[in-house]
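The values are calculated or read from the model by the stated rules, or taken from the named source; none is laboratory data. For clarity, every value in this text was computed on a predicted model and none was experimentally measured. Cβ: placed from backbone, ideal geometry, glycine included. Neighbour counts: every protein chain shown. Note: accessible area is taken over every heavy atom of the protein model, side chains too, but ligands, DNA and RNA are not part of it. Shrake-Rupley method; radii C 1.70, N 1.55, O 1.52, S 1.80 Å.
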Amino acid sequence: MPSRIILYPNQALLKQLLALFVFILFSYVANNAQAQVTAPSYRVVIDGAEGLTSFLTDNLDISRRQSSTELSEDEVQRLVGITPGQIRSLLATEGYFSATVKHELNRDSIPWVARFTVIPGPRTLVESVDITFKGEIVAAHPRRVEGLKRSWLLQPGGIFQQKAWNDAKSDLLKALLIRDYPTAAVTQSEARIEPTNSSAVLTVEVDSGPGFTFGELQIEGLQRYGRNMIDDLNPIKPGEPYSQEKLNELQARIQNTGYFKSVFATVEMDPAKPLAVPIRLDLTENERKRLSLGVGFSTDSGARGQVKWLDRNFLDRDWRLESNLRLDRDTRVLGSDVYLQPLSNGWRPSVGAHYEYTDSAGEINNKLLSSARLTSPDTNDEKVWALSFYADRQRIGEDFSNNREALVGSFIYTRRRVNNLILPTRGYVASIELGAGPAGVINKKSLVRAVGRATYLSPYYAKRWQAVLRGQVGQVFGADRDTVPGDLLFRTGGDQSVRGYSYNTLGVEQNGAIVGGTVTAVISAELVYRITPEWGAAVFTDAGNAADSWSDFKLKQGSGIGARWRSPIGQVNLDVAYGHETKEPRLHFSIGYGF
């Protein structure tokens, strides 16, 4: 029979364990309750920093955590204790290396006051700069070395700032990296600060490395289209000195053809093999043919349907055919453009023909436009030469009709300086268009047409406010509106011009309809407040009109408010505008800016 051992617990031991458990539980609850007790709210006061107060406030931990409701008394005291060190470090980046900071925490006031008294001291100035170069550049380009030294940003006598010091080194190195010396490096740099006399002694050593030259072009990913097109567009000749600008130009030229989804031009940077470095061009091709269907809506033209057909190897010649059918409330458009292969200088020839029917403000037009164009490869400074034939049949009511024709040669220059072409947040776009057609077989009278446009997006002020300014002025000289086709005349009003009025309802009144005039001007000012990174609110005022002469011209104004949303496809604008002439409000909806 198996034996059994029965253990009887010691009653005294049980009582001790129970007491220990109760003590631990009580301690935990008490500590947890104490942790929940938060210090009273506090405010931060900085004295003596003058113009640097905002800079300090924006970057101090104690300021950023001021609205927190979970800070304990100990944490507030810790923040007060570390803040003087943070202030001294921040002031050092602005050139103040001998600042003194006193601090106190007043718990008697409600809320508490964390006060910091700052004495910045004298600002540090650059006493001397010693820049030395090593590598091939010393013997190959001595004049360039001297030019780089002269262009150094932090000259003796200037204020020493950490950002300026970093920027100066970066700019010096960049000047080498983008041309001839892509493996250049700053091998040594020192900013020796002397607090006793508030001076900085700067020393920089730069090794240019070997000079690189371009080799042959190696293409990866080319299947559907011929290589000749790429070779013709390549601006780089084997043996040329390395240039990042030339690489960017090659990449942009190929990307702008429309045949490729992505284009990357790179070279291998091996200091041991700097000569005749092959250029690698990695391509991802677009599909050869594509059918696109689309729908849309705007308050100018109502609902819209669109069909597009694209063939990137039209007639087996690597020509690009783009055909378009668009229908909306007032317009019917049918047309095609053929983009030929770019020329060796990157310019793109194209031809096109379009038919358009419009019914707007009592005027019906059947229009025909055919043109030949030559477009430059640089979209930032785009130039377009064109020869265009315009013909239309104008009808107003049952009693008036008019046939108009014109042959016009034109030049358009567009300057784009925005940070993003699809969703810009700052910069400007400006263009000027000049056209002329002499009297003859087609033109009944000689005509000259000039149009200037500009849109400006200001930087953000105080991280919230932005101004948007827009303007246009145009005139047709020589001919009158009875002989000039409607596409060369001017009307305005609508979502992207003068809000508060229907689309193209500002112009010249004729037989109860609004038709185009020979002069126009539009100005617009808008102030946007950014509520969140995606959403904003705007107030605006627009003014503009079109007339037969400047003596008959009278500005008509619209003002209102709107909402702004940065969508993935561009800026979405929803506006309510009041037309000062019509005395009525009007809703406007649009996408993008009126460039």
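Which whole-number value in Å² is the accessible area per residue of the chain, probe 1.4 Å?
Numbers: 32420 Å² over 595 residues.
Accessible area per residue, the chain: 54 Å².
Gain in length, ARG417 to TYR355, computed as 0.36 nm per residue apart minus the alpha-carbon separation, to one decimal in nm? Before the final figure, lay out the partial values.
Numbers: separation 62, 0.36 × 62 = 22.32 nm, distance 3.33 nm.
Stretched fully, the ARG417-TYR355 segment lengthens by 19.0 nm.
Whenever you get a sec, line up SER41, SER549 from highest to lowest accessible area (probe 1.4 Å, protein heavy atoms).
SER41, SER549
In whole Hz, with x marking every Gly and Pro, tabulate ³J(HN,Hα) for segment 510-523 from phi via Karplus 6.51 cos²θ - 1.76 cosθ + 1.60, θ = phi - 60°.
Once θ is set to phi - 60°, the couplings for segment 510-523 become 9, 6, x, 10, 9, 10, x, x, 9, 9, 8, 7, 9, 10 Hz.
Quick one: Debye curve from the alpha-carbon atoms of segment 506-595 only, equal weights, vacuum; give me log10 I(q)/I(0) at q = 0.22 Å⁻¹ to two decimals.
-1.09
Given the C-alpha centroids of segment 448-477 and segment 161-182, what is the distance between them in whole angstrom?
A separation of 34 Å, based on Cα centres.
Using the basic label-point model (7 angstrom from Cα toward the beta carbon), what is the ARG224 to ASP482 distance in nanometres?
Placing both labels 7 Å along Cα→Cβ, they lie 5.3 nm apart.
According to a simple spin-label model (label point 7 Å from Cα along Cα-to-Cβ), what is the distance in nm between VAL201 and GLN306?
Computed distance between label sites GLN306 and VAL201 equals 6.6 nm.
Using the Cβ atoms and a cut-off under 13 Å, what net charge is assigned to the surroundings of ILE87, where Lys and Arg are +1 and Asp and Glu are -1?
Cβ neighbours under 13 Å give a net charge of -1.
Quick one: 3J(HN,Hα) in Hz for segment 289-300, Karplus 6.51/-1.76/1.60 with θ = phi - 60°, rounded, Gly and Pro as x.
10, 8, 10, 10, 10, x, 10, x, 8, 8, 6, 6
Along each of its three principal axes, how wide is the spread of alpha-carbon positions in the chain, in whole angstrom units, largest first?
117, 87, 71
DSSP loop trypsin sites (Lys or Arg not before Pro) in segment 383-484 with at most 13 other Cβ atoms within 10 Å of their Cβ, which ones?
Taking segment 383-484 and a limit of 13 other Cβ atoms within 10 Å, the loop trypsin sites (Lys or Arg not before Pro) found are LYS463, ARG464.
Using a 1.4 angstrom probe and counting only protein chains, how large is the accessible area of ARG491 in Å², to 10?
60 Å²
Figure the gain on full extension for ARG329 and THR379 (residue separation times 0.36 nm, minus the Cα-Cα span) and round it to one decimal in nm.
Going from the current span to full extension adds 14.7 nm.
Over 29 Å between Cα atoms: which of LYS134/LYS246; LYS261/LYS308; LYS163/LYS237; LYS308/LYS444; LYS102/LYS163 fall into that group? Before the final figure, lay out each step's value.
Values: LYS134/LYS246 26 Å; LYS261/LYS308 18 Å; LYS163/LYS237 39 Å; LYS308/LYS444 36 Å; LYS102/LYS163 26 Å.
Where the Cα-Cα span goes over 29 Å, the pairs concerned are LYS163/LYS237; LYS308/LYS444.
Would you list the membrane-span-like helices of the chain, meaning whole DSSP H runs whose alpha-carbon atoms span at least 20 Å along their axis and whose mean Kyte-Doolittle value is at least -0.5? Each step should come with its number before you reach the end.
Working: long enough: 11-36 (38 Å, 1.00); 73-93 (31 Å, -0.02); 162-177 (22 Å, -0.42).
Within the chain the helices that satisfy the rule are 11-36, 73-93, 162-177.
Pick out, from ASN248, SER262, ASN234, the residue whose Cα sits farthest towards the positive end of the charge dipole of segment 220-280, with +1 on the Cβ of Lys and Arg and -1 on the Cβ of Asp and Glu.
Checking the options against the dipole of segment 220-280, the answer is SER262.
Assign unit charges at the C-beta atoms only (+1 for Lys and Arg, -1 for Asp and Glu), then state the dipole size of the chain relative to its Cα centre in Debye, rounded to the nearest 20.
My answer is approximately 580 debye.
Give the Cα extents of segment 338-462 along the principal axes, in whole Å, largest first.
59, 43, 26
Could you derive backbone 3J(HN,Hα) for segment 340-352 from the dihedral phi with the Karplus parameters 6.51, -1.76 and 1.60 (θ = phi - 60°), listing whole Hz in sequence and x where the residue is Gly or Pro?
Coupling constants for segment 340-352: 6, 5, x, 6, 5, 8, x, 5, 10, x, 7, 9, x Hz.
Report the paramagnetic label zone for ASN106: residues of segment 69-97 whose backbone N is under 16 Å from a point 7 Å from Cα along the Cα-to-Cβ axis.
Counting backbone N atoms under 16 Å from the label point, the list is empty.
I'd like the carbon and sulfur percentage of the solvent accessible area for the chain, probe radius 1.4 Å, heavy atoms only, ligands and nucleic acids excluded.
Summing carbon and sulfur atoms, their accessible area is 56 percent of the total for the chain.
Note the full-extension length gain between SER170 and TRP565 as 0.36 nm times their separation in residues minus their Cα-Cα distance, in nm to one decimal.
Numbers: separation 395, 0.36 × 395 = 142.20 nm, distance 3.60 nm.
The SER170-TRP565 span can extend by a further 138.6 nm.
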